[in-house]
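Asker: I have a structure here, written as structure tokens, and I will follow up with some questions on it.
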2 protein chains.
Amino acid sequence: MDNGALLTDLYQLTMLQGYWRHGMRETAVFELFVRRLPERRAFLIAAGLEQALEFLAGLRITSDERDWLATTGLFGAEFIESLADFRFTGDVDAMPEGTIFYADEPILRVVAPLPQAQFVESRLINLLHFQTLIASKAARCTLAAPGKLLVDFGMRRAHGAEAALYAARASYLAGFAGTATVLAGRRFGLQVYGTMAHSYIQAHDDEAAAFESFAIAQPGNVTLLIDTYDTEAGAAKVVRLAPRLKRLGIPIRAVRLDSGDLGEHARKVRAILDEGGLTDVRIFTSGGLDEYVLRDLLARDAPIDGFGVGTSLDTSADAPYLDCAYKLEEYRGVARRKRSEGKATWPGRKQVYRRYDQAGRMRGDVLTIEGDPQDGEALLVPVMRNGERLHREALDVARDRALAQLERLPDELRDLDGAARYPVTVSARLRALAADVDRRVANA
Amino acid sequence: MDNGALLTDLYQLTMLQGYWRHGMRETAVFELFVRRLPERRAFLIAAGLEQALEFLAGLRITSDERDWLATTGLFGAEFIESLADFRFTGDVDAMPEGTIFYADEPILRVVAPLPQAQFVESRLINLLHFQTLIASKAARCTLAAPGKLLVDFGMRRAHGAEAALYAARASYLAGFAGTATVLAGRRFGLQVYGTMAHSYIQAHDDEAAAFESFAIAQPGNVTLLIDTYDTEAGAAKVVRLAPRLKRLGIPIRAVRLDSGDLGEHARKVRAILDEGGLTDVRIFTSGGLDEYVLRDLLARDAPIDGFGVGTSLDTSADAPYLDCAYKLEEYRGVARRKRSEGKATWPGRKQVYRRYDQAGRMRGDVLTIEGDPQDGEALLVPVMRNGERLHREALDVARDRALAQLERLPDELRDLDGAARYPVTVSARLRALAADVDRRVANA
């Protein structure tokens, strides 16, 4: 997963050369935020901070990388030599992973010498954007199917290796039980799920023989995939097989359905299993699932115990990116803002305060500048000082935070269509600062 | 990029344990194909074969990985020990990268002992799916903006590191000139593009001073971003700065616009530059671009020379995944097919033949079984035998193939709305084989 310092946009390096040439290394403040939420997203969940801090703490430009940069012809030898000592020595404040947030609220602030704060932009966005995207998508499944077993099945169509691994992590953070991706289980300590594919059935001349062969080989982990040819006929074969397996001491834990009208099939299969005395055998489903399908299946009272959610989760298919940005908000002690059309930002070092009602539900945030305390909880906390990490937490701590925050979400924001908007107020002092910055730029 | 053998779905390993337990290691045939094209895609471009073959040739399950598998409690010790010798020793036939293909046409066939052919499924799909997705998206930009400079700008919102790198590769393959992602440039030998961000401008108290400082630091690579405050005012500053830079021997190559109505701004900026004698300065644009925006801008004759296409490209935003599958088509010499509702497959080892009209345009494909030669060009070629690679080609060879094939696309398939459907005929012999398989399963 460590691809090194060159996993960046070229302009970070050309700008660095400019800053170096002109000795611009005073303190800069950048903040990362989402400009506006995608359609059908009423909230987002911050994720990826662990990897972001790891990236910052380990940032080096190796001699091998510097040698390659020299071959491009774009950089002077003295500038390249200066990169040998390049480290991240700045401060970072951030919302801990699992924090719910809204448009325009910074989830991470970097305060560092300008070249450092600039250079880290591309990979910081790359890391925080993706996990935030997936955690936010996964949370919608958690809301749609409370109490159900949710498993990430998305590796094959995730966008590459790192996406598969971080999607597993981010979906666990937002309430999933685990993942099918073995390496994600190993790397992040997640529960790994999985049993058989259709090819296992097809490789046998007879479906019932395939069930039996599989069960004998994995006596502790028997979930049988029953839709390869005919779902209900498959369920009937499971019923006929169960007594023989029982005599061998092998329990059938579940059947999996992967095609057709899952609600309809689940109902029929449940009846067949129950009638055959297999009331303990769970029904697990997969195949084209997303939060909307989960909601609809459960609204129809489909007797489904668990869901493998794949492609739609790992690609966040209905909203495959967030409109996020990492922007310079202050340099040399002077607040700055970008004013490009449709992309203006709030200047200065900001903080977000969140208030709750008496039942503990979120009732509104205030976006203001640092040093302007408001009622409520301050969401950005110190996570790095002088390049040293202050903050490390177990993934389960972040997961508990996410689940607790989902509980505190106002009811209207739990709706999957995301029509409601949460109130985020911009403070008078922040508005005044923005007006100051504009006046200064106009007079420049 | 090498994440090892455990970057897979758990069920591959549980199935392997089943095959091992029952001695099922006869020859299996799997094929990878796309079931149906996304809306607004009239064709796809095969990509990712280089990485797929590299994965197969290097596949090992290390002792460290086996030790970890033992800790899961899911696998027997003897089975885990057997994985020490696990290698891919099979045959692969595939469409070379850059080949245009359609629904149901296999782009890759694996013929290998069942456990091997099974195990490689998850990562093979993961590798081929993503690059094919992005090459197919990028080709639409190539069609929409013929002769324009196209650059991949998508790293920050690509889904992780590997997605960023492979998106750069796949978009180059489909006609892009290069990428902003430095590491992709290094790894794949691509031209790297990039100059400055808004933060560079903002870090200076004055926009004109920022332009000058940048130009002096990168005299050979001067593209100035002019939309931070007011695009046309930025263009006027470029005109005022140009004579001074000229005296220093520094040419301004281009300006970049990143916000607002790009067509309108480009027209005004072009006029300002031309009036100021800067007729050689190119206009490069970025910000929310995709093939539809490119088409519209060029339909309006916007005087734009190049485009940085980012998020929509690297996430294939309007179609973030393909409905692809890797299915068992034959085992122990007997053709197989999955019959799950809506997911039935064509059985057996297949080949695709493509015919062209007299002008060299594609006029129809035939999908048939191996050993049933048809008129036209056979698209699947041998790329691996007994685990040894037969096929290696430079990325530029694949790119030339893709560009040549785009030239041969029927006119109606070049339309970005993708309404037209290319004729793919299923041969009589393949239909007969499918009917045979169904009869056999029904009688089983």
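Laboratory data are not the source of any read-out in this text; all were calculated from the coordinates shown. Note that the coordinates shown come from a computational prediction; the quantities given were computed from them, not determined experimentally. Because the Cβ atoms are built from the backbone with ideal geometry, glycine has one as well, and the counts that use them run over all protein chains shown.
Asker: Cα-based count: Lys pairs in chain B below 28 Å, eight or more positions apart or different chains?
Answerer: 14
Asker: Thinking of chain B as a set of Cα atoms, what percent of all their pairs are more than 42 Å apart?
Answerer: Above the 42 Å cut-off, chain B has 27 percent of its Cα pairs.
Asker: Sort shortest first the distances from A:P113 to its counterpart in every other copy, using label points 7 Å along the Cα-to-beta-carbon line, and give them in nm.
Answerer: Listed shortest first, these distances are 5.8 nm.
Asker: A further question on this structure: Find the centroid of the Cα atoms in segment B:67-81 and in segment B:313-383, then give the distance between the two in whole Å.
Answerer: 37 Å
Asker: Now a separate question. Largest first and to the nearest Å, give the Cα extent of segment A:167-220 along each principal axis.
Answerer: 41, 19, 18
Asker: From zero up to wherever the largest Cα-Cα distance of segment B:13-71 sits, split into 5 Å bins and tell me the percent of pairs in each.
Answerer: In order of increasing distance, the bins hold 4, 10, 12, 17, 18, 15, 10, 8, 5, 1 percent.
Asker: So what are the radius of gyration and Dmax for the Cα set of segment A:227-333, in Å?
Answerer: 20.7, 77
Asker: If contacts are Cα pairs under 8 angstrom and at least 6 residues apart, what is the relative contact order of segment A:145-314 in percent?
Answerer: 27 percent
Asker: At 7 Å along the Cα-to-beta-carbon direction for both A:I216 and A:V381, put a label point, then send me their distance in nm to one decimal.
Answerer: According to this spin-label approximation, the distance is 5.5 nm.
Asker: What residue among B:R140, B:R244, B:R408 has the largest mean-square fluctuation in a Gaussian network model of chain B, using Cα springs under 10 Å?
Answerer: B:R244
Asker: Run the numbers for A:A394 and A:K246: contour at 0.36 nm per residue of separation, minus the present Cα-Cα distance, in nm.
Answerer: 49.3 nm
Asker: With runs of 4+ DSSP H residues as the only contributors, calculate the mean residue ellipticity of chain B at 222 nm using -39,500 (n - 2.57) per run, divided by the residue total and rounded to the nearest 500.
Answerer: Mean residue ellipticity, 222 nm, calculated: -12000 deg cm²/dmol.
Asker: Then there's this: So how compact is the protein assembly as shown: Cα radius of gyration and Dmax in angstrom?
Answerer: Gyration radius and largest Cα-Cα distance of the protein assembly as shown: 28.3, 93 Å.
Asker: How large is log10 I(q)/I(0) at q = 0.12, 0.15, 0.17, 0.19 Å⁻¹ when the Debye formula is applied to the Cα atoms of segment B:146-314, each weighted equally and without solvent?
Answerer: -0.54, -0.84, -1.05, -1.25
Asker: Compute from the Cα atoms of segment A:101-214 the Rg and the Dmax, the latter being the longest Cα-Cα distance, and quote both in angstrom.
Answerer: Cα only, segment A:101-214: 19.1, 68 Å (Rg, Dmax).
Asker: log10 I(q)/I(0), Debye, Cα-only segment A:187-247, no solvent, q = 0.28 Å⁻¹?
Answerer: The Cα Debye sum returns log10 ratios of -1.30.
Asker: Apply the Kirkwood formula to segment B:1-117: the hydrodynamic radius equals the inverse of the mean of 1/r over all pairs of different alpha-carbon atoms; give it in Å with one decimal.
Answerer: On the way: mean 1/r = 0.0623 Å⁻¹.
Final number for the Kirkwood radius of segment B:1-117 is 16.0 Å.
Asker: Between B:D438 and B:W68, what FRET efficiency follows from the Cβ-Cβ distance if R0 is 45 Å, with the result rounded to 0.05?
Answerer: Once the sixth-power term is evaluated, E becomes 0.60.
Asker: Okay, moving on. Based on the Cβ-Cβ distance from B:D206 to B:L403, what FRET efficiency comes out when R0 is 35 Å, to the nearest 0.05?
Answerer: 0.20
Asker: Would you mind telling me which residue in A:Q12, A:Q218, A:Q118 has the biggest mean-square fluctuation in a Gaussian network model of chain A, where springs connect alpha carbons within a distance under 10 angstrom?
Answerer: A:Q218
Asker: Can you give me the distance in nm between label points at A:A177 and B:R361, each placed 7 Å from the Cα along the Cα-to-Cβ direction?
Answerer: 5.5 nm
Asker: Right, here's the next one. Between B:E412 and B:R36, what is the label-point separation in nm under the 7 Å Cα-to-beta-carbon projection?
Answerer: With each label placed 7 Å out from Cα toward Cβ, I get 1.9 nm.
Asker: How far is B:T72 from the same spot in each other copy, in nm, shortest first, if each label point sits 7 Å from Cα toward Cβ?
Answerer: The projected label point of B:T72 is separated from its counterparts by 4.0 nm.
Asker: Here's another thing I want to ask about it. What are the label-to-label distances in nm, one decimal and shortest first, from A:D417 to the same spot in the other copies, with labels 7 Å along Cα to Cβ?
Answerer: Nearest to farthest, the other copies are at 2.8 nm.
Asker: Using only Cα atoms, find the angle between the long axis of helix B:262-275 and the longest principal axis of chain B, and express it within 0 to 90 degrees, rounded to the nearest 10.
Answerer: Between the helix axis and the principal axis of chain B, the angle is about 40 degrees.
Asker: Build a GNM of chain A with springs between Cα atoms under 10 Å: which of A:F153, A:F75, A:F101 gets the top mean-square fluctuation?
Answerer: Taking springs between Cα atoms under 10 Å, the residue moving most is A:F75.
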